[in-house]
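*Asks:* Pasting a structure here, questions to come.
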Amino acid sequence: MFHADIFSNLIQPGYLNKLTILFICLNAFLIAAIFIYLRKKKRTHFIQRGIKKSIELWISKILLSEDETEPAYMHIPSKFQKHFRDKTKREFTVNQLIDIKKNLSGKIAENINHLYEHLGFRRDSLVKFQSNIWNRRAKGIHELYMMDQKNMLPVLYKYTNSNNQYVRMEAQAALIHFSGFEGLSFLDNIDHPISEWEQLKILEQLKLIDFTEMKNLGRWLRSQNFSVVLLALKLAEVYQEFQVHDDVAECLQHKDEKVRSQAIITLSRIANEYTSSILVQYYSNETLANRQQILKCLMNMASDNEKDFLVTHLHDENDSLKLAAARVIAKCCSNGWEMLKEIAKEQPHPYSEIYFHVKNELQ
Amino acid sequence: MNWQVIISEALTIGLFFYSIVLLLFYIFIGLYSIGETRKYLHKNNFTDYRLLAASEHSPSVSIIAPAFNEGQTIVENVRSLLSIYYSNLELIIVNDGSKDDSLQKLIDVYQLEKIDFFVRYQIKTKNVRGVYKSKNPAFKKLIVVDKENGGKADALNAGVNISNNDYIICIDVDCILEQDAILKLIKPFLEQTQEKIIAVGGVIRIANSCEIKDGKLEKVHLPKAYLPRMQALEYIRAFLLARMAWSRLNGLLLISGAFGAFDKDVVIKCGGYNHNTVGEDMELVVRMRRYMEEKKQPYKVTFIPDPLCWTEAPSSFLILGRQRNRWMRGTIETLGMHKKMFYNPRYRLLGMLSYPYWFFFEMMAPIIEFFGVVVFIIMASMGIVEWPIFFSLLLFIISFGFLYSSFAIFMEVITYNQYKKRTDILKLLLTSFSEPFIYHPFIVWASIRGITDLLRKKKNWGEMTRQGFGSPAIIKT
């Protein structure tokens with residue numbers, strides 16, 4: 001291994017020693033950096049704790065103040081003036097204000113907005129928003145809408161179609177924050193896919209807002225952007241938009257499996273007398289997962305009209321489909337239980353187990 | 001030149017280039033992981049995870065925890081898992097034919113009753129003897145499956161068969177999860193639009209010496225004992241650097257069996273866990289990736305740097321040796337089962353980089369190192385070692401090892417900083433100095449034992465005795 005001739009041709013001890021010294025120096029530098037960082041972090045922690053305490057106290061004073069002519073937020077305590085010259089402390093304070101505001105509404109929340117503006121934090125948010133670094137821009141947008149800077153709406157709108165997913169997501173949230181259901185208008189023009197996380201965020205955000213009609217829902221259901229269709233289907237499901245039943249039914253032919261799956265779920269929420277037969281019609285062309293979904297949804301709407309279909313699929317090769325069909329028969333068909341019992345007697349395996357499983361689940 | 005010189009030169013040159021490539025890989029991994037961790041921290045800077053917990057549109061998740069003879073700790077472990085924060089969740093405990101009173105304890109404490117349950121054997125497993133659910137609505141998330149003994153992989157597969165949900169999280173029953181662990185682990189599945197996320201891994205940390213009360217982690221401490229402390233450092237390096245870098249490359253081959261989330265549909269399509277290997281966790285990830293590559297479907301296996309899962313590390317050389325012996329056998333078995341991918345361009349990065357890396361630098365490294373030591377001893381005894389070069393090389397390698405560990409500790413400190421005390425960080429740094437002399441040689445030896453056991457066709461798992469988190473408030477040492 002350490003044969004002199006070969007090895008000394010490949011490795012010169014001089015070079016190795018120089019590299020070793022370099023590594024040792026880098027190591028020393030890293031160790032120093034670790035302890036300097038830890039020290040700084042500890043200091044910052046105590047400072048932030050102090051600021052947090054003082055801010056909470058100050059804000060509670062502001063919130064309790066009834067002086068309309070000269071609101072309490074106009075007087076910045078001198079210790080804050082010193083703190084607010086430091087960028088990190090300002091950043092921390094903005095985060096604190098956002099956290100506090102999340103749990104407040106009405107006049108009190110407005111006062112927090114005034115405070116944010118009065119302390120010049122809006123300028124900080126604008127600087128972040130104008131940054132070319134995506135995470136700073138997203139943070140800037142977040143702060144601006146959390147602090148109700150509604151005049152930013154036209155500027156923010158164009159970022160709802162930003163190339164960066166996180167900037168886009170914050171801009172979309174801003175639009176909904178400012179305009180409620182009308183803010184969903186960005187769905188008309190969006191070129192990028194909306195992730196399921198974004199969709200979930202939008203749906204949860206909308207829950208906190210008074211419902212207003214979604215005029216373009218039909219158009220979104222026909223969008224070329226699959227994720228827009230998916231979100232529109234979820235909106236139709238949550239807000240039970242019965243008027244788009246036919247558009248939703250059309251989505252059963254969509255080429256994306258997830259869209260079809262969501263269409264099945266949505267149809268079950270806005271079902272009419274034809275929905276069961278429509279679902280049954282598409283069943284045979286569907287994937288295994290969507291077949292299961294159809295059978296699951298039929299539990300809320302099937303009738304004796306679907307009995308033959310269900311009995312056929314009670315004998316499907318796939319055990320999950322057998323079980324799902326048995327559930328629908330038991331719940332929706334007249335004499336369903338008797339029928340399952342009869343089949344279980346004739347062919348105990350697996351139908352006896354299926355019968356008792358369904359019985360345990362539903363009765 | 002005679003043949004001895006030719007062989008000697010070939011070996012020397014080969015080893016030299018092997019070492020250079022390995023070092024370059026380490027440097028690349030260390031630096032490349034920074035971007036992934038930074039991105040993760042930035043994008044989740046103001047994420048409100050409560051949205052996911054509360055939403056009716058959040059995906060349904062099943063936690064599957066196999067248990068074999070865990071009677072001492074099972075009740076506390078289940079209590080800990082039941083406290084996890086996520087609404088659309090079921091917890092499946094699979095009693096893999098335990099010979100102790102695990103099942104009876106669960107029945108008594110959680111008021112379980114056997115229910116009629118039609119088991120769909122989507123993946124073939126040993127017979128399920130019964131499925132139990134609680135009469136108490138407070139434990140409605142809990143399902144206990146009692147089955148014939150078939151090993152960990154078989155128990156996990158039984159859990160997959162029982163699961164009603166879209167995603168499965170496979171964990172070791174004695175792991176302690178952070179309250180928001182599922183929220184963080186599931187989010188990546190929802191974020192991607194171009195590629196399907198098939199699996200997500202999370203960071204595992206060492207719970208030895210931590211304060212644990214009622215199945216919850218109360219306070220984090222650096223392990224007091226040497227071996228767990230060394231493993232704490234090893235886990236920081238592995239999870240915060242290596243896995244983050246491989247995740248960024250989309251070349252991750254391993255998600256730890258102790259904590260990982262999977263798309264259930266893909267797991268079933270791949271046939272579930274393989275019970276012919278002791279490395280079933282790695283084998284599943286490799287097979288899932290291979291399946292997606294062969295189907296030509298865009299996919300990703302991703303990893304998140306949050307410390308979400310805490311586990312008890314072996315604190316004796318005997319148990320640690322068994323664990324590393326098994327890991328080595330699992331690696332070799334998995335690579336053997338998928339040798340078709342080795343430098344096969346059809347499998348793209350998986351075949352051209354991930355697999356060869358594991359082959360040369362995870363599987364072969366202990367063999368080469370052991371071989372190197374043997375040759376060195378022979379040469380030293382023959383007096384043909386050039387000592388100045390030897391010492392230069394030794395110092396070079398050791399200083400590089402320290403640097404890599406220090407960098408990992410630095411990354412830990414500026415990101416999650418689990419060990420708050422400066423003395424803990426200092427101890428961790430000092431521990432890294434001892435690694436090349438105590439810990440590393442032992443790990444190499446355990447791996448060599450793994451290889452010899454495999455050659456002798458030993459298939460046993462290797463008993464893993466743990467102290468457990470059973471008592472109401474303990475500090476584990």
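*Asks:* How do the helices (runs of 4 or more DSSP H) wholly within the stretch A:157-223 filter down when requiring 3 or more residues that are modelled with pLDDT of 95 or more and within 22 Å of B:Phe189 (Cβ to Cβ): which remain?
*Replies:* Correct list: A:165-179, A:196-207.
*Asks:* Being touching a Ser or Thr at 6+ places or on another chain (Cβ under 7 Å) and on the phi < 0 side of the Ramachandran plot is the requirement here; does B:Ile397 meet it?
*Replies:* Spelling it out, it is not the case that B:Ile397 is touching a Ser or Thr at 6+ places or on another chain (Cβ under 7 Å) and on the phi < 0 side of the Ramachandran plot.
*Asks:* Can you find, within the stretch B:349-396, the residue that is farthest from B:Tyr299 (Cα to Cα) among those that are assigned to a helix (DSSP H, G or I) and among the small types (Gly, Ala, Ser)?
*Replies:* Of everything passing the filter in the stretch B:349-396, B:Ser381 is farthest from B:Tyr299 (Cα to Cα).
*Asks:* Here is a further query. Of the conditions (1) touching a residue at least 12 places away in the same chain (Cβ under 8 Å); (2) surrounded by fewer than 16 Cβ atoms within 10 Å (Cβ to Cβ), B:Pro388 satisfies every one except a single condition; which number is it?
*Replies:* Condition (1) is where B:Pro388 drops out.
*Asks:* Tell me which residues, restricted to the stretch A:121-138, are without any contact (Cβ under 8 Å) to a residue 12 or more places away in the chain and part of a helix (DSSP H, G or I).
*Replies:* Correct list: A:Arg123, A:Arg136.
*Asks:* When you go through B:Lys114, B:Lys105, B:Lys135 one by one, which is the residue that is away from chain A (no Cβ under 14 Å) and surrounded by fewer than 20 Cβ atoms within 10 Å (Cβ to Cβ)?
*Replies:* Within the list B:Lys114, B:Lys105, B:Lys135, the selection yields B:Lys105.
*Asks:* Still on this structure, please answer the following. Please specify each residue of the stretch B:1-49 satisfying the condition of being within 30 Å of A:Ile98 (Cβ to Cβ) and small (Gly, Ala, Ser).
*Replies:* Result: B:Gly35, single match.
*Asks:* Within the stretch A:321-352, how many residues are within 8 Å of chain B (Cβ to nearest Cβ) and either over 22 Å from B:Tyr121 (Cα atoms) or modelled with pLDDT of 95 or more (or both)?
*Replies:* Result for the stretch A:321-352: 1.
*Asks:* In addition: Sort out which residues of the stretch B:419-469 are at pLDDT below 95, among the polar types (S, T, N, Q) and surrounded by 14 or more Cβ atoms within 10 Å (Cβ to Cβ), and write them in order of number.
*Replies:* Selection gives B:Gln467 alone.
*Asks:* Please verify whether B:Ser55 is of a type outside the set (Val, Ile, Thr) and within 23 Å of B:Gly202 (Cα to Cα), treating the condition exactly as stated.
*Replies:* yes
*Asks:* Given the conditions (1) surrounded by fewer than 19 Cβ atoms within 10 Å (Cβ to Cβ); (2) modelled with pLDDT of 95 or more, and given that B:Gly97 satisfies all but one, which numbered condition is not satisfied?
*Replies:* In the conditions (1) surrounded by fewer than 19 Cβ atoms within 10 Å (Cβ to Cβ); (2) modelled with pLDDT of 95 or more, B:Gly97 misses (1) alone.
*Asks:* So in the stretch B:49-61, with the set limited to residues that are facing chain A (nearest Cβ under 8 Å) and either hydroxyl-bearing (Ser, Thr, Tyr) or under 21 Å from A:Asn135 (Cα atoms) (or both), which one is surrounded by the most Cβ atoms within 10 Å (Cβ to Cβ)?
*Replies:* Residue satisfying both the conditions and the ranking: B:Ser58.
*Asks:* Considering only the stretch B:264-286, state which residues are surrounded by fewer than 21 Cβ atoms within 10 Å (Cβ to Cβ) and under 18 Å from the mean Cα position of the chain (by Cα).
*Replies:* Passing the criteria: B:Asn274, B:His275.
*Asks:* Then there's this: Go through A:Ser185, A:Ser195 for me and flag whichever is more than 14 Å from chain B (Cβ to nearest Cβ) and among the hydroxyl-bearing types (Ser, Thr, Tyr).
*Replies:* Checking each option against the conditions leaves just A:Ser185.
*Asks:* Could you tell me whether the stretch B:390-404 includes any residue that is at the interface with chain A (Cβ under 7 Å from one of its Cβ atoms) and among the hydroxyl-bearing types (Ser, Thr, Tyr)?
*Replies:* yes
The values are calculated or read from the model by the stated rules, or taken from the named source; none is laboratory data. Keep in mind the model is a prediction, meaning the values are calculated, not measured. Note: ideal-geometry Cβ built from the backbone for every residue, glycine included; neighbour counts use all protein chains shown.
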